[in-house]
Amino acid sequence: MKDIKSLQSTLIMIFPADDIHLPSIKRKDSVKLFNDKYNLELNKVPESLPFPQNNILFRNGEYKHEGKLFIINEIIIEERRLIIRSLGPSEVIDDFFSQFRKDLKALDIRDNKGDYAPLLSTYETICVCQLDLDFHHMFNEKFNNYLKDIETNLPTYAAKMSLVPFSFRVRIDYHDLPEKLRKERITLADKFLTIEQREKTDPADKIYFTASPTETSTHFALIDKLEKEINK
(Lines give C-alpha, C1' and ligand atoms only; values in the text may rest on other atoms or scores of the structure.)
Protein backbone atom coordinates (compact mmCIF):
# COMPACT_ATOMS: atom_id res chain seq x y z
CA MET A 1 0.00 0.00 0.00
CA LYS A 2 1.53 3.30 -1.08
CA ASP A 3 0.93 6.67 -2.74
CA ILE A 4 -2.25 7.58 -0.86
CA LYS A 5 -4.14 9.96 -3.14
CA SER A 6 -6.95 10.85 -0.75
CA LEU A 7 -8.07 9.89 2.73
CA GLN A 8 -11.37 10.60 4.46
CA SER A 9 -12.51 9.42 7.86
CA THR A 10 -15.91 9.60 9.52
CA LEU A 11 -16.97 9.32 13.15
CA ILE A 12 -20.64 8.59 13.87
CA MET A 13 -21.81 8.88 17.49
CA ILE A 14 -25.14 8.06 19.11
CA PHE A 15 -26.06 9.84 22.35
CA PRO A 16 -28.65 9.35 25.09
CA ALA A 17 -32.02 10.99 24.50
CA ASP A 18 -32.03 14.73 25.38
CA ASP A 19 -28.26 14.83 25.87
CA ILE A 20 -27.71 17.10 22.83
CA HIS A 21 -29.37 20.52 23.11
CA LEU A 22 -29.84 21.80 19.57
CA PRO A 23 -31.19 25.26 20.59
CA SER A 24 -27.94 25.99 22.47
CA ILE A 25 -25.84 25.00 19.46
CA LYS A 26 -27.92 27.17 17.11
CA ARG A 27 -27.38 30.34 19.16
CA LYS A 28 -25.46 33.13 17.44
CA ASP A 29 -22.76 33.06 20.12
CA SER A 30 -22.25 29.32 19.56
CA VAL A 31 -22.07 29.65 15.79
CA LYS A 32 -19.57 32.52 16.13
CA LEU A 33 -17.36 30.51 18.48
CA PHE A 34 -17.27 27.55 16.07
CA ASN A 35 -16.46 29.88 13.20
CA ASP A 36 -13.73 31.73 15.11
CA LYS A 37 -12.18 28.60 16.60
CA TYR A 38 -12.53 26.07 13.76
CA ASN A 39 -13.53 28.19 10.75
CA LEU A 40 -16.78 26.18 10.59
CA GLU A 41 -19.60 27.64 8.53
CA LEU A 42 -23.24 27.08 9.45
CA ASN A 43 -25.07 25.90 6.34
CA LYS A 44 -28.70 26.72 5.82
CA VAL A 45 -30.17 23.76 3.97
CA PRO A 46 -33.00 24.65 1.55
CA GLU A 47 -36.34 23.31 2.70
CA SER A 48 -36.72 21.54 -0.64
CA LEU A 49 -33.86 19.16 0.23
CA PRO A 50 -34.51 15.96 2.23
CA PHE A 51 -32.63 17.19 5.31
CA PRO A 52 -34.55 17.52 8.62
CA GLN A 53 -34.84 21.24 9.31
CA ASN A 54 -34.21 20.75 13.02
CA ASN A 55 -30.75 19.31 12.34
CA ILE A 56 -27.60 21.44 12.22
CA LEU A 57 -24.99 21.32 9.45
CA PHE A 58 -21.51 22.88 9.68
CA ARG A 59 -18.99 22.70 6.82
CA ASN A 60 -15.52 23.74 5.65
CA GLY A 61 -13.80 23.75 9.02
CA GLU A 62 -10.13 23.41 9.95
CA TYR A 63 -8.33 21.78 12.85
CA LYS A 64 -4.64 21.59 13.69
CA HIS A 65 -3.49 18.18 14.91
CA GLU A 66 0.12 17.65 15.96
CA GLY A 67 1.15 20.81 14.13
CA LYS A 68 -0.57 19.91 10.84
CA LEU A 69 -3.75 21.49 9.49
CA PHE A 70 -6.63 19.19 8.51
CA ILE A 71 -9.97 19.92 6.84
CA ILE A 72 -13.17 19.17 8.74
CA ASN A 73 -15.51 18.50 5.81
CA GLU A 74 -18.73 18.64 7.74
CA ILE A 75 -20.41 18.16 11.08
CA ILE A 76 -24.04 17.03 11.23
CA ILE A 77 -25.75 17.39 14.59
CA GLU A 78 -29.08 15.71 15.21
CA GLU A 79 -31.19 15.08 18.31
CA ARG A 80 -29.30 11.89 19.18
CA ARG A 81 -26.57 11.64 16.57
CA LEU A 82 -23.41 13.57 15.69
CA ILE A 83 -21.41 12.88 12.52
CA ILE A 84 -17.94 14.31 11.82
CA ARG A 85 -16.13 13.89 8.49
CA SER A 86 -12.52 14.93 7.96
CA LEU A 87 -9.91 14.79 5.23
CA GLY A 88 -7.47 12.97 7.41
CA PRO A 89 -7.06 9.89 9.62
CA SER A 90 -9.58 9.04 12.32
CA GLU A 91 -7.20 10.04 15.11
CA VAL A 92 -7.65 13.64 13.92
CA ILE A 93 -11.42 13.37 14.44
CA ASP A 94 -10.90 11.79 17.87
CA ASP A 95 -8.66 14.68 18.88
CA PHE A 96 -11.05 17.22 17.39
CA PHE A 97 -14.11 15.79 19.16
CA SER A 98 -12.34 15.78 22.53
CA GLN A 99 -12.13 19.57 22.18
CA PHE A 100 -15.48 20.03 20.42
CA ARG A 101 -17.22 18.14 23.23
CA LYS A 102 -15.88 20.63 25.77
CA ASP A 103 -17.29 23.46 23.64
CA LEU A 104 -20.70 21.80 23.40
CA LYS A 105 -20.89 21.38 27.18
CA ALA A 106 -19.74 24.97 27.81
CA LEU A 107 -22.30 26.37 25.34
CA ASP A 108 -25.21 24.35 26.73
CA ILE A 109 -27.43 26.95 28.42
CA ARG A 110 -29.54 24.46 30.39
CA ASP A 111 -29.20 24.18 34.16
CA ASN A 112 -28.79 20.43 33.72
CA LYS A 113 -26.25 20.35 30.92
CA GLY A 114 -25.73 17.34 28.71
CA ASP A 115 -22.59 15.26 29.14
CA TYR A 116 -22.16 14.80 25.38
CA ALA A 117 -20.66 11.35 25.95
CA PRO A 118 -21.69 8.95 23.17
CA LEU A 119 -23.30 5.60 23.92
CA LEU A 120 -21.91 4.21 20.67
CA SER A 121 -19.18 5.38 18.30
CA THR A 122 -18.56 3.89 14.86
CA TYR A 123 -15.95 4.77 12.27
CA GLU A 124 -15.63 4.74 8.51
CA THR A 125 -12.46 5.18 6.44
CA ILE A 126 -12.24 5.84 2.70
CA CYS A 127 -8.89 5.79 0.96
CA VAL A 128 -7.64 5.95 -2.63
CA CYS A 129 -4.17 4.46 -2.99
CA GLN A 130 -1.91 2.21 -5.00
CA LEU A 131 -2.03 -1.47 -4.10
CA ASP A 132 0.10 -4.39 -5.20
CA LEU A 133 -3.06 -6.28 -6.03
CA ASP A 134 -4.49 -8.16 -8.99
CA PHE A 135 -8.13 -9.24 -8.65
CA HIS A 136 -7.49 -12.30 -10.82
CA HIS A 137 -5.35 -13.67 -7.99
CA MET A 138 -8.29 -13.39 -5.60
CA PHE A 139 -10.41 -15.90 -7.52
CA ASN A 140 -9.81 -19.56 -8.20
CA GLU A 141 -8.90 -20.99 -11.58
CA LYS A 142 -12.46 -22.13 -12.30
CA PHE A 143 -13.85 -18.62 -11.95
CA ASN A 144 -11.11 -17.06 -14.07
CA ASN A 145 -11.76 -19.69 -16.76
CA TYR A 146 -15.45 -18.84 -16.58
CA LEU A 147 -14.66 -15.19 -17.32
CA LYS A 148 -12.71 -16.25 -20.38
CA ASP A 149 -15.52 -18.53 -21.58
CA ILE A 150 -18.31 -15.95 -21.37
CA GLU A 151 -16.32 -13.42 -23.40
CA THR A 152 -17.45 -15.30 -26.50
CA ASN A 153 -21.13 -14.70 -25.60
CA LEU A 154 -20.95 -10.97 -25.07
CA PRO A 155 -21.30 -8.31 -27.81
CA THR A 156 -18.00 -6.84 -28.91
CA TYR A 157 -19.26 -4.01 -31.14
CA ALA A 158 -16.33 -4.75 -33.46
CA ALA A 159 -13.88 -3.93 -30.66
CA LYS A 160 -11.43 -6.02 -28.69
CA MET A 161 -12.88 -7.01 -25.35
CA SER A 162 -11.76 -8.45 -22.04
CA LEU A 163 -13.49 -9.07 -18.72
CA VAL A 164 -11.77 -7.45 -15.77
CA PRO A 165 -12.75 -8.18 -12.12
CA PHE A 166 -13.48 -4.73 -10.78
CA SER A 167 -14.70 -4.86 -7.19
CA PHE A 168 -14.47 -6.92 -4.00
CA ARG A 169 -17.22 -6.21 -1.46
CA VAL A 170 -18.13 -7.88 1.83
CA ARG A 171 -21.25 -7.07 3.84
CA ILE A 172 -20.86 -6.92 7.61
CA ASP A 173 -23.97 -7.84 9.62
CA TYR A 174 -24.34 -7.04 13.32
CA HIS A 175 -26.27 -9.35 15.64
CA ASP A 176 -27.11 -9.53 19.35
CA LEU A 177 -26.35 -5.95 20.35
CA PRO A 178 -25.58 -5.33 24.04
CA GLU A 179 -28.64 -4.92 26.25
CA LYS A 180 -27.81 -1.29 27.01
CA LEU A 181 -27.97 -0.38 23.31
CA ARG A 182 -31.21 -2.30 22.82
CA LYS A 183 -32.83 -0.49 25.75
CA GLU A 184 -31.76 2.83 24.24
CA ARG A 185 -33.41 1.78 20.94
CA ILE A 186 -30.08 1.86 19.11
CA THR A 187 -29.60 -0.29 16.01
CA LEU A 188 -26.64 -0.91 13.70
CA ALA A 189 -27.15 -0.93 9.95
CA ASP A 190 -25.19 -3.30 7.73
CA LYS A 191 -21.79 -2.00 6.71
CA PHE A 192 -19.39 -2.92 3.91
CA LEU A 193 -15.72 -3.56 3.29
CA THR A 194 -15.05 -2.48 -0.30
CA ILE A 195 -12.00 -2.64 -2.55
CA GLU A 196 -12.39 -1.68 -6.19
CA GLN A 197 -10.39 -0.25 -9.02
CA ARG A 198 -10.54 3.52 -9.08
CA GLU A 199 -12.73 4.66 -11.94
CA LYS A 200 -11.06 6.61 -14.75
CA THR A 201 -7.60 5.22 -13.96
CA ASP A 202 -5.41 2.84 -15.93
CA PRO A 203 -5.78 -0.67 -14.41
CA ALA A 204 -2.05 -1.14 -14.94
CA ASP A 205 -1.43 1.63 -12.38
CA LYS A 206 -3.31 -0.43 -9.73
CA ILE A 207 -5.07 2.54 -8.14
CA TYR A 208 -7.87 1.38 -5.84
CA PHE A 209 -10.77 2.87 -3.93
CA THR A 210 -11.04 1.25 -0.49
CA ALA A 211 -13.65 1.69 2.24
CA SER A 212 -14.27 0.01 5.58
CA PRO A 213 -16.32 0.56 8.77
CA THR A 214 -13.15 0.98 10.84
CA GLU A 215 -10.82 3.63 12.15
CA THR A 216 -7.92 4.47 9.84
CA SER A 217 -5.19 2.37 11.49
CA THR A 218 -7.36 -0.77 11.30
CA HIS A 219 -8.30 0.06 7.70
CA PHE A 220 -4.64 0.24 6.70
CA ALA A 221 -3.90 -3.02 8.54
CA LEU A 222 -6.75 -4.82 6.73
CA ILE A 223 -5.53 -3.65 3.33
CA ASP A 224 -1.91 -4.53 4.09
CA LYS A 225 -2.91 -8.03 5.22
CA LEU A 226 -4.94 -8.57 2.05
CA GLU A 227 -1.99 -7.56 -0.10
CA LYS A 228 0.30 -9.99 1.70
CA GLU A 229 -2.17 -12.89 1.60
CA ILE A 230 -2.95 -12.48 -2.11
CA ASN A 231 0.71 -12.18 -3.06
CA LYS A 232 1.94 -15.22 -1.10
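The values are calculated or read from the model by the stated rules, or taken from the named source; none is laboratory data. What you are looking at is a predicted structure, and each value in this text was computed from that prediction instead of being measured. Here the Cβ is made from the backbone with ideal geometry for all residues, glycine too, and neighbour counts use every protein chain on show. These area figures cover heavy atoms from the full protein model, side chains too; ligands, DNA and RNA do not enter into them. Shrake-Rupley method; radii C 1.70, N 1.55, O 1.52, S 1.80 Å.
Any idea what the dipole of region 1-114 comes to, in debye rounded to 20, about its Cα centre with Lys/Arg Cβ at +1 and Asp/Glu Cβ at -1? Walk me through the intermediate numbers first.
Numbers: 19 positive and 18 negative charges, 33 e Å.
About 160 debye.
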Using alpha carbons only, how many angstrom separate the centre of region 110-174 from the centre of region 191-208? 8 Å
Can you run phi through the Karplus equation (6.51, -1.76, 1.60; θ = phi - 60°) for region 137-146 and list ³J(HN,Hα) in whole Hz, with x for Gly and Pro? 6, 8, 10, 6, 4, 4, 5, 5, 5, 4
How large is ³J(HN,Hα), in whole Hz, for each residue of region 98-104 in order, when computed from phi with the Karplus curve 6.51 cos²θ - 1.76 cosθ + 1.60 and θ = phi - 60°, using x for Gly and Pro? 4, 7, 4, 4, 4, 5, 4
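Run lengths n ≥ 4 of DSSP H only: what is the helix-derived mean residue ellipticity at 222 nm for the chain, with -39500 (n - 2.57) per run over all residues, to the nearest 500? Provide the component values of the computation, followed by the final result.
Numbers: 6 runs with 64 residues, N = 232.
-8500 deg cm²/dmol, from helical runs alone.
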For the chain, set up a Gaussian network in which alpha carbons nearer than 10 Å are linked by springs, and say which option among His175, His136, His65 fluctuates the most. His175
Counting only heavy atoms of protein chains, what accessible area per residue, in Å², does region 55-178 have with a probe of 1.4 Å? 60 Å²
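Longer than 31 Å from Cα to Cα, which of Lys5/Lys148; Lys5/Lys225; Lys142/Lys191; Lys5/Lys26; Lys5/Lys113 are they? Say none if no pair is. Write out the running numbers ahead of the final one.
Details: Lys5/Lys148 33 Å; Lys5/Lys225 20 Å; Lys142/Lys191 29 Å; Lys5/Lys26 36 Å; Lys5/Lys113 42 Å.
Lys5/Lys148; Lys5/Lys26; Lys5/Lys113, as the Cα separations exceed 31 Å there.
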Please return the longest range in the chain lying between exposed loop sites, taking GluC sites (Glu not before Pro), DSSP loop only, at most 13 other beta-carbon atoms within 10 Å, and leaving the sites out. 67-198
State, to one decimal in nm, how far the label point of Asn54 lies from the label point of Thr156, with both points 7 Å from Cα in the Cβ direction. 6.2 nm
In whole Hz, what ³J(HN,Hα) sequence does region 201-217 give by Karplus (6.51, -1.76, 1.60; θ = phi - 60°), x for Gly and Pro? 10, 6, x, 5, 7, 6, 8, 10, 9, 10, 8, 8, x, 9, 6, 4, 4
Under the 7 Å Cα-to-Cβ spin-label approximation, Asp149 and Ala106 lie apart by a distance in nanometres of 6.8 nm
Using Cα pairs closer than 8 Å and at least 6 residues apart in sequence, work out the relative contact order for the chain, in percent. 24 percent
Given the whole protein assembly as supplied and a 1.4 Å probe, what does the accessible area of Lys183 come to in Å², nearest 10? 140 Å²
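Once the convex hull of the alpha carbons of the chain is built, what does its volume come to per residue, in cubic angstrom?
Details: hull volume 43.2 nm³, N = 232.
Spelled out: Cα convex hull of the chain, divided by residues, is 186 Å³.
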Unit charges on C-beta of K, R, D, E only; dipole of region 153-199, Debye: 60 debye
Report the relative contact order of region 94-232, percent, no decimals, based on alpha-carbon pairs under 8 angstrom and at least 6 residues apart. 32 percent
